[in-house]
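Colleague: Here's a structure for you.
The values are calculated or read from the model by the stated rules, or taken from the named source; none is laboratory data. Values in this document were obtained by computation on a predicted structure and should not be read as measured data. When we count neighbours, we look across all protein chains shown, and the Cβ atoms used for this are built from the backbone with ideal geometry, even at glycine. Please note that ligands, DNA and RNA were not included when accessible areas were found on the heavy atoms of the full protein model with its side chains. Shrake-Rupley method; radii C 1.70, N 1.55, O 1.52, S 1.80 Å.
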Amino acid sequence: MRRSVLVTVVLAVFTLCLFSVPGITQAQEKVIALKVTHFFPTGHQQHVLLDQWAKELEKRTNGKVKVTVYPGGVLTPAPQIYDAVVKGIADVGDHVLGYTVGRFPLMEGIDLPYGYPSGTVATKMTNAFYDKFKPKEMDGVKVLWFHAQAPGILHTKTKPVSNLEDLKGMKIRTFGSNAKFMSNLGGTPVAMPMTDVYDALAKGVAEGLLANYEALEGFALADQIRYSTENYGSAYTAVFLVCMNKNKWNSLPKDVQATIDQMSVEYIDKFAKMWDDISKSGKDLMVKRGAKIITLSKEEQARWAEKAKPLFDEYVKNTKAKGLPGEEANKFIQDYLKAAR
């Protein structure tokens, strides 16, 4: 009996030592690996902020989560980021809704040229829009947060544009619903993702683009652009969705999910500020290089804004035909922006 007690004591001591050795328990707790994909170059503030999110998540989870960020479209090309997240090729992605036209019929309406005053307003309005309508078109992923670029305006390479007549027939890079807007303005839309624009401008495939000032610095387009036309009365935005693969999300421990949800709220504000900061930086660069900044007259602004109205009517019609609250959504956007101006 004494021998049995001795064996029991020895086993107990051995077990205690085993689980108190540093690293043993950590080894048993498997590290959660996350792959993040986006298409921005490493020097762009989008990458900087997403990389910050990754490092902060690792820190807040005490190393339980390990995040690898793949910039520049090296893991997935820009138009395929959403599908890559759905299929699990990437765990988290930063996707532009306008690169998958028709996929998100209610949310895509936000991209229309409503006359956005800032990236902060566009970003906060987009998240408020989602919270209000919770469109089922987003059910394929775990939505983390939305962000939206600062006002998208016209930039041209060799010809200044001060009115609609100047723009007529010019080949202008667009994406998503902006192609129709450019047609309404009298230009010729040339659709492509931002990653292809530099070469298109250099080769004459495009004579300008619709974009925020940030693209002129972040994608080095200032090398090609000489004129910026500030048509803020019909400025558009581009909605970005930061999302996670649903199966990956469901596999995460509750404490990790809670940390990610908390960070998502915080990063709405961080991205909103980032958009306005890089917009200012892009414009400052253009001014420094001697580019001409053209501000449309009040009357000309009204002419451009009038060309946008058919797009709003079409959005309401098409979404209502799909059983979606397009009329209410259109009113929500316009009322929000009216209050923000």
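Colleague: Sorted by average packing, counted as other Cβ atoms within 10 angstrom per residue and highest first, what order do 59-66, 196-203 take?
Modeller: 196-203, 59-66
Colleague: What whole number of Å gives the distance from the Cα centroid of region 267-302 to the Cα centroid of region 44-63?
Modeller: Centre-to-centre distance over Cα atoms comes out at 27 Å.
Colleague: Here is a follow-up. Set Lys and Arg Cβ to +1 and Asp and Glu Cβ to -1, take the dipole of region 171-295 about its Cα centre, and tell me which of N250, G176, S264 lies farthest positive.
Modeller: Of the candidates, G176 comes out farthest on the positive side.
Colleague: Quick query: amide H of T188 versus all other amide H atoms, modeled in the peptide plane; which residues come in under 5 Å with a sequence gap of 5 or more or a different chain?
Modeller: Amide H to amide H, under 5 Å and 5 or more residues apart or across chains, T188 pairs with G169, M170, K171, I172.
Colleague: Then there is this: Please list, or write none, the lysines whose alpha carbon is within less than 26 Å of the alpha carbon of K30, excluding same-chain residues fewer than 8 places away.
Modeller: Of all the lysines, those that pass the test against K30 - Cα under 26 Å, at least 8 places apart if same chain - are K55, K59, K64, K66, K87, K142, K246, K248, K254.
Colleague: Against the 2.2 N^0.38 Å scaling, with N counting residues, where does the chain land? I'd like the Cα-based Rg ratio to two decimal places.
Modeller: Rg over 2.2 N^0.38 Å, computed on Cα atoms: 1.21.
Colleague: Ok, one more. With just the Cα atoms defining each centre, how far is region 66-123 from region 190-227? Give it in Å.
Modeller: Computed from Cα coordinates, the inter-centre distance equals 19 Å.
Colleague: Explain nothing, just the number: relative contact order of region 179-329, from Cα pairs under 8 Å at least 6 residues apart, as a whole percent.
Modeller: In percent, rounded to a whole number, it is 33.
Colleague: Just to check, using Stokes-Einstein with a Kirkwood Rh over alpha carbon pairs, what's the diffusion coefficient of region 68-206 at 4 °C and 1.567 mPa s in µm²/s?
Modeller: 78
Colleague: If you don't mind, there's one more thing I want to ask. Can you pick out the pairs among K134/K331; K288/K331; K171/K283 whose Cα atoms lie more than 28 Å from each other?
Modeller: K288/K331
Colleague: How much length, in nm to one decimal, is gained on full extension between K309 and T42, taken as 0.36 nm per residue of separation minus their Cα-Cα distance?
Modeller: 92.4 nm
Colleague: Separate question: Keeping every protein chain present and rolling a 1.4 Å probe, give me the accessible area per residue for region 270-341 in Å².
Modeller: Each residue of region 270-341 exposes 62 Å² on average to a 1.4 Å probe.
Colleague: Could you pull the Cα extents of region 26-128 along its three principal axes, largest to smallest, in whole Å?
Modeller: On the principal axes, region 26-128 reaches 53, 27, 27 Å in Cα extent.
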